[in-house]
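A quick write-up on the structure given underneath.
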Amino acid sequence: MTERCEIGVIGAGGHAKVVVATVQAAGYTVKAIFDDDPAKSNGSLLGVPIVGPVDKLRSSAGLPAIIAVGDNKARRSIDQRFEPKWITAVHPNAIVHPSVRLGPGTVVFAGSVLQPGTVLGAHVIVNTGTIVDHDCAVGDYAHLAPGTRLAGGVQVAEGSFLGVGTTVVPGIQIGAWVTVGAGSVVIDDVPDNVIIVGVPAKVIREHAIERHQE
C-alpha cells in the first residue's frame, strides 16, 4: 500500500478535475497544480492553487506527482522531461483485483473494474466506468475512455486511445498509437499507427508519421 502524502498534479484542464477528485478520494492531499498556460496561473482547480508552469515541479523539493493530461503523447513528453516519484491512484469506488499490476503514474477512475491477471503500464488512464476483464495488457501512455469494455486477453499497445464506449472482443491485439473511434466494436487485430472506427471497426487512415530532425 502506497503511503498517502502531499502530491503535485500536472495539468489544469477538464481531465485534471477528475484526476484531482480521484487522488483526493484515494487519500492524497494535492498541494499544487502545475500548468504551462499562463492564463491559468494563480488560479485554482477544485480549491487547489495553480502555481505556474510545469518546470516549477523541478524546484518542489521532490514532490511526488501525477500527470493529469488526457493527450497520450503529451503525457509521454512530460514523463520524459521530469523524474519525480510518479504516484499511482485508484478511486475507492473502482474494483481492482489484488493480482492486477499498475505502472507508475497510472490512474483508475470511479466505477472501473480491473479483473485478475491484468497488467497496466505507466501513465495509463482507465477512465470512468471502464471494464478490463481477465489477463489483459495495456501499454504505457494508453487511454481507455469512459465506458470502454475489454474482454479477456486483450492487448493494447503503447499510446493507443480507445474512445468512449469502445468494445473489444476476447484475445484481440491493438497496436501502438492507434485511435479507436467512440462506440466502435473491435473484432480483428489492429496494426500500429492507424485510426479505426465503426461496428465492426475498420481502418479509415493511418496517423501521420512524426519526423524528428537530427
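We did not get these values from a lab; they are worked out from the coordinates using the rules stated. Worth saying up front: this structure is predicted, and the values here are computed from it rather than measured. Positions of Cβ are generated from backbone atoms using ideal geometry, with glycine treated the same way; all protein chains shown enter the neighbour counts.
How big is the C-alpha Rg of region 6-81 next to the rule-of-thumb value 2.2 N^0.38 Å, as a ratio?
Normalised Cα radius of gyration, region 6-81: 0.98.
Show that you can apply the helix-only estimate: for the chain, add -39,500 (n - 2.57) for every DSSP H stretch of four or more residues, divide by all residues, and state [θ] at 222 nm to the nearest 500.
-3000 deg cm²/dmol, from helical runs alone.
Arranged by the count of other C-beta atoms within 10 angstrom, fewest first, what order do HIS97, HIS15 take?
HIS97, HIS15
Count the net charge of all other residues whose Cβ sits under 14 Å from the Cβ of GLY183, scoring Lys and Arg as +1 and Asp and Glu as -1.
Computed value for this residue: +2.
Which residues in region 30-57 have a backbone N closer than 19 Å to a point placed 7 Å from the Cα of ALA110 along the Cα-to-Cβ line?
From region 30-57, the list is 30, 45-48.
If each of VAL203 and VAL185 carries a label point 7 Å out from its Cα toward its Cβ, how far apart are those two points in nm?
Result for the modelled spin labels: 2.2 nm.
Using Cβ counts within 10 Å as a stand-in for footprinting exposure, how do CYS5, CYS136 rank, fewest first?
Fewest-to-most Cβ neighbours within 10 Å comes out as CYS5, CYS136.
Residue separation times 0.36 nm, minus the C-alpha to C-alpha distance between ASP55 and SER41: what's the value?
Contour length minus the Cα-Cα distance gives 3.7 nm.
Taking the Cβ of PRO116 as the center, what net charge do the other residues with Cβ under 15 Å away carry, scoring Lys and Arg +1 and Asp and Glu -1?
Value of the local net charge: -1.
Work out the FRET efficiency for SER99 and LYS17 from their Cβ-Cβ distance, taking R0 = 35 Å, and round it to the nearest 0.05.
0.70
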